[in-house]
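Encoded as structure tokens, the structure appears first; notes follow it.
Quick note: the coordinates plus some simple rules give every number you see, no bench work behind them. Here the structure is a predicted model, which means the values were calculated and not measured. Cβ: placed from backbone, ideal geometry, glycine included. Neighbour counts: every protein chain shown.
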Amino acid sequence: MSRAMIVEISATALPDMVAAVARRAGTPGQEAVVVSWPGRTLVVAPATPVPGAALAALPGVLRVVETGAPFPLAHRDFTAERTVVRVGGTAIGDGGLTVIAGPCAVESRDQLAVVASAVARAGAGVLRGGAFKPRTSPYSFQGLGEAGLLMMAEERARTGLPIVTEVLRPADVALVARYADILQVGTRSMQNFPLLAEVGRCGRPVLLKRGMAATVQEWLLAAEHILAAGNPEVILCERGIRTFETTSRFTLDLTAVPVVKRLTHLPVVVDPSHAAGQAYVVAPMALAAAAAGADGIMIDVHGAPETARCDAGQALTPGEFERLAADLERVVAAARMNLSIA
């Protein structure tokens, strides 16, 4: 059976050398794909009968990686080194725990300022907040749009926290990328392939949420779309999947953390807020995710949750978040002394 090949090309290789490798690696009806990452050129042949040694002998080839994974660029076969995404002074995936926190939706300048100050004071590494909000009901608050992005950028300047916010349409990627440090692809958009291709070309890190009914393989194949489009900085986010259970909004699949960290080199964060839908469940699930080895935790925080225009039931108050942040530090210190995820 043919297996996927990833051919890494020398930085000094001429364009015709890259083209020759692509021609040799491809087959009729299954052409090889040339992937351009910052400072790196890769040729991905998803199903080639050509032996790796034959590809390695071509001019300009640095190395050849063979894998049976359907998501070759995301798979650990491609690299033993874990991907670390750096934004501002924050590193996601370096072995520590990054806390991403803020309101589900940006509602006003004052609302955002209160939350941003609180989460920065408690030690968050990234500020989250939705300017464009995909909602189940067309009558629900849809976000402030570019005005919300501007408010997020103002809070970054004030607090020093990098910001992450969701993008919904390919046409909005350039706009959101002008403001955000990390672009979020939400659960409803996980298989919006034109959007994945566009964020793959945007030059910003991407936080990819798992689809609410997606398998792990479907989630990683969605990440592969972003990687293949030219963006090596993908952060995976487990946010709960839909099951038969009704006591929580979604079932938070914490088994996905060690599974995905074994399968891929990409950082994995967990969003317990959107899985729980109820504030009292958020802290226990966040602590469990930290103990399971997550690279980050994403938490909804609101200054007055009872007045929140989006997902009010799941938001923590600043005080509750401060206590959770302190508890997370203790769990990480205790759990990760002996935690090893290959």
- prompt: Whole-Hz Karplus ³J(HN,Hα) for segment 105-120, in order, using 6.51 cos²θ - 1.76 cosθ + 1.60 and θ = phi - 60°, x for Gly and Pro?
  reply: 10, 6, 10, 6, 5, 5, 4, 5, 5, 4, 5, 4, 4, 5, 6, 5
statement: In terms of the charge dipole of segment 34-131, which places +1 on Lys and Arg and -1 on Asp and Glu at the beta carbon, the residue among 120, 83, 46 farthest towards the positive end is 120
message: Are there any chymotrypsin sites (Phe, Trp or Tyr not before Pro) in segment 119-220 that are in a DSSP loop and have at most 13 other Cβ atoms within 10 Å? List them by number.
response: 139
- request: Would you please name the GluC sites (Glu not before Pro) within segment 183-276 that are DSSP coil residues with at most 12 other C-beta atoms within 10 Å of their C-beta?
  value: 245
query: In units of 2.2 N^0.38 Å, what is the alpha-carbon radius of gyration of segment 121-223?
result: 1.08
Sum of side-chain charges, residue 303 neighbourhood, beta-carbon under 11 Å (Lys, Arg +1; Asp, Glu -1): -3
For residue 262, net neighbour charge (Lys/Arg +1, Asp/Glu -1) across residues whose Cβ lies under 13 Å away: +2
query: How high is the FRET efficiency between residue 329 and residue 33 when r is their beta carbon distance and R₀ equals 41 Å, given to the nearest 0.05?
result: 0.45
- request: Go through 282, 15, 130 and say which Cα lies farthest out towards the positive end of the charge dipole of the chain; charges sit on Cβ, +1 for Lys and Arg, -1 for Asp and Glu.
  value: 15
message: For segment 196-338, compute Rg over Rh where Rg is the Cα radius of gyration and Rh is the Kirkwood radius from the inverse mean 1/r over Cα pairs.
response: 0.98
task: Would you kindly calculate the mean projected area, averaged across all directions, of the convex hull enclosing the Cα atoms of segment 38-160, in square nanometres?
output: 11.8
task: Could you list which residues have their amide H under 5 Å from that of residue 102, counting only those 5 or more apart in sequence or on another chain, with H placed in the peptide plane?
output: 128, 299, 301
task: Compute the distance in nm between two label points, each set 7 Å from the Cα along the Cα-to-Cβ direction, one at residue 19 and one at residue 80.
output: 3.7
Fraction of beta bridges assigned by DSSP in the chain that are antiparallel (%, nearest 5): 45
statement: Toy charge model, Lys and Arg Cβ at +1, Asp and Glu Cβ at -1: segment 19-116 dipole around Cα centroid in debye, rounded to 20, equals 320
message: Restricting things to Cα coordinates, could you compute the convex hull volume per residue of the chain in Å³?
response: 145
field: Neighbour cut-off at most 14 other Cβ (10 Å), DSSP loop, trypsin sites (Lys or Arg not before Pro), segment 215-268
entry: 242
query: Using unit Cβ charges (K, R positive; D, E negative) and no other charged atoms, how large, in debye to the nearest 20, is the dipole of the chain about its Cα centre?
result: 340
task: Let me know the whole percent of all Cα-Cα pairs from segment 107-179 that are separated by more than 20 Å.
output: 30
- line: Listed by chain and number, the residues whose amide H is under 5 Å from that of residue 87, excluding neighbours fewer than 5 places away on the same chain and using placed H, are 92
query: Taking amide hydrogens as modeled 1.01 Å from N in the peptide plane, which residues meet the under 5 Å criterion relative to residue 76, leaving out close sequence neighbours?
result: 264, 265
- prompt: What are the radius of gyration and Dmax of segment 1-89, computed over its Cα atoms and given in Å?
  reply: 13.3, 47
message: For the chain, what does the helix formula give at 222 nm: sum of -39500 (n - 2.57) over DSSP H segments with n ≥ 4, over the residue count, nearest 500 deg cm²/dmol?
response: -10000 deg cm²/dmol
- request: Could you grab the Rg to Rh ratio for segment 272-342? Cα atoms only, Kirkwood for Rh.
  value: 1.03
statement: Placing +1 on each Lys and Arg Cβ and -1 on each Asp and Glu Cβ in segment 107-195, then taking the dipole about the Cα centre, the residue among 140, 108, 150 whose Cα reaches farthest towards the positive end is 140
Cut-off 11 Å between beta-carbons: net charge of the residues surrounding residue 107, Lys and Arg +1, Asp and Glu -1: +2
